[in-house]
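Q: My structure is below; once you've seen it, I'll send some questions.
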Amino acid sequence: MNDTFLEIDGSFGEGGGAILRLSAGYSILFNQPIRINNIRANRPKPGLRLQHVLGLKTLAELTNSQLSECKVGTREITLIPNKQLLPKINVNIATAASIGLLLQPIQIACLNLKRLNPIEISLSGGGTFGKWAPDLNYLNEVTYKIFKNSGLNIEIKIQKHGFYPKGGAQVKCIISPLKQNLIPINLTELGNIDIIEGEIIITNQLRRKRDNIAERIRKSIKQQIKRNLKIETEIKYTWVSSTSPGVGLSLWAHSDNGAIISTGTILGEKRISSEKLGIIAADELIKYVKNEIPVDNYLSDQLIPLMAYVKEQPSRIKVLEITNHTKTNLELIKKFINRDYIITKEKHYFLIEYQ
């Protein structure tokens, strides 16, 4: 391990919580102590928020790493990594903080997981769906299936869904040891898609005798996709018990090239009708299919750590755009490893490559 702290400016790039999550995950993965200052310096409420504190403490406890004292409002932290991972950990979340975001640094830290038995993370509370965060269906059906193709096996078991503002989810995450060296990712062609799948999660508080909201959403999705793509759909809806009412959905599609594209997380809102919500979801997927893009904007952020970490062979992905999160991720990882990326701009897409 390098004993010198790597200094990271928390206002770097998009300057939000992603800097914390990514840096903490990379610290464990590359065995590099870090000091992050200016945490969320340009945000209306600078410093750590409660969900950031919880995420850092969970990662430190799971890996037996040394985390400096931190609380809501803290603007500088240090993390000294360790790799003595616990076999089990229980996490209590008192808010609707995103479970998907909490797991992000953990999945990065476990890219080189070498042990005999799986790690089991039990989470009580938090949200399975939330704004600006990957929902757990998306992680299971998209991110973690692409990870599995590279050799990293992560599974999420949802026992209870949680929505804003109270959360209250019950979830287990199981991370299995690597059985082989990770395989590079090469997703540059979409290929053919025969069917578009998806699931609408809707809470029992929104049941109506004469108005099935979930069916209206599904019908709208099917009509919009049929109108634009003429591809069959298989979209289910599931009524669930949850402390707070909510609607969340994601669509995904497997191609014959091994690509999986998705809408990312789509949330219901009071000002958006069921029909409009269905159109928003369908249009998000349609744009990737029409432009023959094999990696959606949300997945590209998730894949970059794995692409940069696997050095034996090149990795490359084709994306519709380079988001601010993607730029931040690409530049941040350069601070940990001596490896650069190449971005090639074409007419309707970008190629991101690690040679």
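Q: Over 5 Å intervals from 0, what percent of Cα-Cα pairs in the range 189-290 sits in each interval?
A: 2, 13, 25, 24, 16, 10, 6, 3, 1, 0
Q: I would also like to ask the following. Under Stokes-Einstein, with the Kirkwood radius over Cα pairs standing in for Rh, what whole-number D in µm²/s applies to the range 150-190 at 37 °C and 0.692 mPa s?
A: Values: Rh = 13.2 Å.
Using the Kirkwood radius from Cα pairs, D works out to 249 µm²/s.
Q: Among Thr203, Ile286, Ser250, flag the residue with its Cα farthest along the positive direction of the charge dipole of the range 189-290, charges on Cβ as +1 for Lys/Arg and -1 for Asp/Glu.
A: Thr203
Q: From the gyration tensor of the Cα coordinates in the range 204-355, what semi-axes in whole Å does the equivalent ellipsoid have, largest first, with each one equal to sqrt(5λ)?
A: Details: eigenvalues 247, 66, 31 Å².
Calculated on Cα positions only, the semi-axes equal 35, 18, 12 Å.
Q: Hey, can you rank 152-165, 25-38, 202-215, 94-107 by average C-beta count inside 10 Å, highest first?
A: Packing proxy ranking, top to bottom: 94-107, 25-38, 152-165, 202-215.
Q: Looking at the chain only, what percent of DSSP beta bridges run antiparallel? Nearest 5 please.
A: Working: 40 of 63 bridges.
Of those bridges, close to 65 percent are antiparallel.
Q: What does the net charge come to around Ser242 if you take all other residues with beta carbon closer than 9 Å to its beta carbon, with K and R at +1 and D and E at -1? Provide the component values of the computation, followed by the final result.
A: Working: positive: Lys160, Lys166; negative: none.
Computed value for this residue: +2.
Q: Can you give the angle from 0 to 90° between the axis of helix 50-63 and the longest principal axis of the chain, with both taken from C-alpha atoms, to the nearest 10?
A: 60 degrees
Q: Can you give me the pair-distance distribution of the range 87-180, C-alpha pairs, 5 Å bins, whole percents?
A: Reading upward from the zero bin: 3, 15, 26, 25, 17, 10, 4, 1, 0.
Q: Given C-alpha coordinates of the chain, what is the ratio Rg to Rh with the Kirkwood estimate of Rh? The partial results should precede the final answer.
A: Details: Rg = 20.0 Å, Rh = 20.9 Å.
Expressed as Rg/Rh, it is 0.96.
Q: Could you work out how far the C-alpha centroid of the range 61-83 sits from that of the range 214-259, in angstrom?
A: If you average the Cα positions of each part, the centres end up 40 Å apart.
Q: Also, quick follow-up: What is the list of residues in the range 72-102 whose amide nitrogen lies under 19 Å from a point 7 angstrom out from the Cα of Lys114, following Cα to Cβ?
A: It comes to 81-87, nothing else.
Q: Separate question: Normalising by the residue count of the range 87-180, find the relative contact order in percent from Cα pairs under 8 Å and 6+ residues apart.
A: Numbers: 198 pairs, mean separation 35.0, N = 94.
RCO, the range 87-180: 37 percent.
Q: Taking the Cβ of Asn329 as the center, what net charge do the other residues with Cβ under 11 Å away carry, scoring Lys and Arg +1 and Asp and Glu -1? Display every interim value, and only then the final one.
A: Numbers: positive: Arg21, Lys327, Lys334; negative: Glu14, Asp301, Glu331.
Local net charge: 0.
Q: Is there a quick way to get the dipole size of the chain? I mean about its Cα centre, with the Cβ of Lys and Arg at +1 and of Asp and Glu at -1; what is the value in debye to the nearest 20?
A: Charge dipole, the chain, about its Cα centre: 1020 debye, nearest 20.
Q: Enter the angle in degrees (range 0 to 90, nearest 10) between the Cα long axis of helix 213-228 and the first principal axis of the Cα atoms of the chain, meaning the one along which they spread out most.
A: Once rounded, the angle reads 90 degrees.
No value in this document is a laboratory result; all are computed from the given coordinates. Keep in mind that what you see is a predicted model, and the values were worked out from it rather than measured. Methodologically, a virtual Cβ is constructed for each residue, glycine included, from the backbone with ideal geometry; neighbour enumeration extends over all protein chains shown.
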